[in-house]
Amino acid sequence: MARRTIGIVLNGVTGRMGYRQHLVRSLLALREQGGLPLADGDRLYPELVLVGRSEAKLREIADRHGLTDWTTDLAAALARPDVDIYFDAQVTAQREKALRLAIDAGKHVYTEKPTAEDLAGAVDLARLADTAGIKHGVVQDKLFLPGMLKLKRLVDGGFFGRILSIRGEFGYWVFEGDWQTAQRPSWNYRSQDGGGIVVDMFPHWHYVLEQIFGEVKAVTARIATHLPARWDESGTAYDATADDAAYGIFELAGGVIAQINSSWAVRVYRDELVEFQVDGTEGSAVAGLRNCRIQHRAATPKPVWNPDLPATEDFRSQWQVVPDNAEFDNGFKAQWELFLRHVVEDTPYTWDLWAGARGVQLAELGLRSAREGRRVEIPELS
């Protein structure tokens, strides 16, 4: 058994997602376990180059984790022959340009979503990557979470019979930033900086729906900016110009209807921050990020509508918990492992820049639907 190294440039590690999920819980976790086991018995060990705009923040993160390789010069990092992969977790407005530089440098690319600010840019990136002959992937983390894996298991096992509908609820109250600090960066609420819940969340809903249930054929959406005033990281008031809530209806292949509400202006009264209810002819399920509960046709009770009497049934107790039946690793780490194997061993990998482009397409057409007040069909990308 030999130790093989692979050089990875990580751009955007000073941000919440890039630091917590991709650096600490994915790549550093892989290093701590001695590397990624490969099919030939070798172990693949990530050698990391941290990239960002702030020298002070990069130095502090590197010192905290015993890392020594960091720079604010992306071009210099991409020019290094010992670098194989470029990863991007920057703000959306900076992503496309950096990905183009990495593709031009001949590096394999792996990136957060959305991959670009518009569909034209996202498609162009996918074409450039294909032409360059590099491997490319897009983070689609929710597919690898325990609740979604259990839901996929139910679909693949035929539990639902014919699926009729999907109802999704996502969101939480993001504080305005005046009397309590906001949990998300202020740029998320400025459309001029690439913010908005549609461009953030519709790409997620696209891959969840497409990969688990079927192709998304049409979208009808309404959006809102429920909180027009917010306060930034320095305590300065600003106008929130981006949408902070979206209400979408997605038509899937086979006649399945999905309704998903997304909001940063909603208080949580459910078990998890996102939940999907799936109803089919043979059974139903409610899945969150970790848990999943089911009710089969044969065990479905017969509720009777009677508003004159108080409800006495404990409806939640009538559902059965789906067992784990496996140990689930961090979803971001699980996808990193698949992408690394794709690069090194050429294993199959479907979550590429084309998948990312389809997510951007859904967001763009969702915004058009809201703007024009109509249903919009989704053409196939060529």
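The values are calculated or read from the model by the stated rules, or taken from the named source; none is laboratory data. Nothing here was measured: the structure is a model prediction, and the numbers come from that model. Counting neighbours? That spans all protein chains shown, and the Cβs are built from the backbone with ideal geometry, glycine included.
For segment 134-165, filtered to residues that are under 14 Å from the mean Cα position of the chain (by Cα) and not in a helix (DSSP H, G or I), the residue that is nearest to residue 281 (Cα to Cα) is 145.
Residues in segment 166-209 that are within 30 Å of residue 299 (Cα to Cα) and either outside the structural domain of residue 283 (by TED's automatic domain parsing) or not in a helix (DSSP H, G or I) (or both): 5 in all. Checking 158, 121 one by one, the residue that is assigned by TED's automatic domain parsing to the domain that holds residue 204 and at pLDDT 95 or above is 158 and no other.
Just to be sure I understand the filter: pairs with C-beta atoms under 8 Å, separated by 6 or more residues or on different chains, first member in segment 287-302 and over 19 Å from residue 272 (Cα atoms), second member part of a loop (DSSP other than H, G, I, E, B). Which pairs pass? Between residues of segment 287-302 that are over 19 Å from residue 272 (Cα atoms) and residues that are part of a loop (DSSP other than H, G, I, E, B), the close pairs are 296/159; 296/282; 297/161; 297/281; 297/282; 301/313.
Go through the residues of segment 102-124 one by one and say whether even a single one is touching an Asp or Glu at 6+ places or on another chain (Cβ under 7 Å) and of a type in the set (A, V, I, L, M). Checked against the condition, which is being touching an Asp or Glu at 6+ places or on another chain (Cβ under 7 Å) and of a type in the set (A, V, I, L, M), segment 102-124 yields at least one hit. The condition of being surrounded by fewer than 19 Cβ atoms within 10 Å (Cβ to Cβ), of a type outside the set (Val, Ile, Thr) and farther than 30 Å from residue 374 by Cβ holds for only one of 237, 265, 218, that being 237. Failed condition for residue 182, given (1) surrounded by fewer than 20 Cβ atoms within 10 Å (Cβ to Cβ); (2) in contact (Cβ under 8 Å) with a residue 60 or more places away in the chain; (3) of a type in the set (A, V, I, L, M), with all others met? The one condition residue 182 does not meet is (2). Restricting 40, 88, 84, 73 to residues that are more than 18 Å from the chain's Cα centre (by Cα), under 30 Å from residue 130 (Cβ atoms) and surrounded by 15 or more Cβ atoms within 10 Å (Cβ to Cβ) narrows the list to 84. Just checking, how many residues over segment 216-261 are in a strand (DSSP E or B) and either free of Cβ contacts under 8 Å to residues at least 60 places away in the same chain or within 21 Å of residue 377 (Cβ to Cβ) (or both)? Qualifying residue count for the region: 26.
Just one of the listed residues (77, 62) is at pLDDT 95 or above, touching a Phe, Trp or Tyr at 6+ places or on another chain (Cβ under 6 Å) and not hydroxyl-bearing (Ser, Thr, Tyr), and it is 62.
Name the single residue, out of those in segment 147-179 being of a type outside the set (Lys, Arg) and within 24 Å of residue 353 (Cα to Cα), that is surrounded by the fewest Cβ atoms within 10 Å (Cβ to Cβ). Among residues in segment 147-179 that are of a type outside the set (Lys, Arg) and within 24 Å of residue 353 (Cα to Cα), the one surrounded by the fewest Cβ atoms within 10 Å (Cβ to Cβ) is 149. Against the numbered list (1) farther than 20 Å from residue 207 by Cα; (2) part of a loop (DSSP other than H, G, I, E, B), residue 99 comes up short only at (2). Restricting segment 308-362 to residues that are in a helix (DSSP H, G or I) and among the aromatic types (Phe, Trp, Tyr) leaves a set whose member that is nearest to the chain's Cα centre (by Cα) is 332.
Scanning segment 268-286 for residues that are surrounded by 19 or more Cβ atoms within 10 Å (Cβ to Cβ) and either among the hydrophobic types (A, V, I, L, M, F, W, C) or more than 24 Å from residue 210 (Cα to Cα) (or both) yields 274, 276, 278, 285, 286. Scanning segment 89-117 for residues that are acidic (Asp, Glu) and at pLDDT below 95 turns up just one, 117. Could you go through segment 290-298 and let me know if any residue there is under 29 Å from residue 30 (Cα atoms) and not basic (Lys, Arg). Among the residues of segment 290-298, at least one is under 29 Å from residue 30 (Cα atoms) and not basic (Lys, Arg), which makes the answer yes.
From the list 347, 281, the lone residue that is more than 30 Å from residue 196 (Cα to Cα), touching a Leu at 6+ places or on another chain (Cβ under 8 Å) and in contact (Cβ under 8 Å) with a residue 40 or more places away in the chain is 281.
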